[in-house]
Amino acid sequence: GDLVVAAETAFGTIAVSSLTDEPVRRSGRLLLTAVGRVENAGAEYDLFRTVLLNRGGSPMYLEPIVADVRLRRDPGAPALQVSALGMHGEPIGRVPAEHDADAGVVRLRIGDPAQTMYYLLTAPEAGD
């Protein structure tokens, strides 16, 4: 119930982790990870794609997870800004998020247009 996902992508895993000592419902710093199908460039399989014949190498190709995400928050928990992160953890753009303090939820859409597997949710600094 604390994480609700309506995914358009058929296969994947989505997880939310607190990056502080606070639980997810109260933390001012969260990491949302969304992983779909991943494959190395040059990877080779048998005819039925059941046996890996050649592992390939860099770069890795990943299928972005496209989903609407709803995250429950405790009353009084800070509002969160969302940034898409690049492959080295650097911010690559802001992701719109809706905050409904009365309902205690944050809503966001991942994978469209930001095609990444990492999203950083942070409480704005004073003065932001």
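The values are calculated or read from the model by the stated rules, or taken from the named source; none is laboratory data. Here the structure is a predicted model, which means the values were calculated and not measured. Using ideal geometry, Cβ is built from the backbone for each residue, glycine included, and neighbour counts are taken over all protein chains shown. We work out accessible area using only protein heavy atoms, side chains counted, and drop any ligands, DNA or RNA first. Shrake-Rupley method; radii C 1.70, N 1.55, O 1.52, S 1.80 Å.
Annotations for the structure displayed:
- Residues in the stretch 68-98 that a label on Glu22 would reach, taking backbone N under 14 Å of a point 7 Å out along Cα→Cβ: 72-81
- Spin-label pair Glu98/Val38, simplified geometry with 7 Å Cα→Cβ offset, distance in nm: 3.1
- Heavy atoms of the protein chains alone define the surface here; on that basis the chain has 63 Å² accessible area per residue at 1.4 Å probe size.
- The chain - percent of accessible surface contributed by carbon and sulfur, probe 1.4 Å: 52
- Identified option (computed Cα Rg over 2.2 N^0.38 Å; candidates [x] 1.22; [y] 1.00; [z] 1.08): [x]
- Computed about the Cα centre, the dipole magnitude for the chain is approximately 140 debye when only Lys and Arg (+1) and Asp and Glu (-1) carry charge, each at its Cβ.
- Per principal axis, descending, Cα span of the stretch 75-120 in whole Å: 34, 18, 13
- Most tightly packed first, judged by the mean number of other beta-carbon atoms within 10 Å of their residues, the peptides 38-50, 67-79 read 67-79, 38-50.
- Over the chain, relative contact order from alpha-carbon pairs under 8 Å, at least 6 apart, %: 27
- With the simple model of a label 7 Å out from the Cα in the direction of the Cβ, Asp112 to Glu90 spans 2.9 nm.
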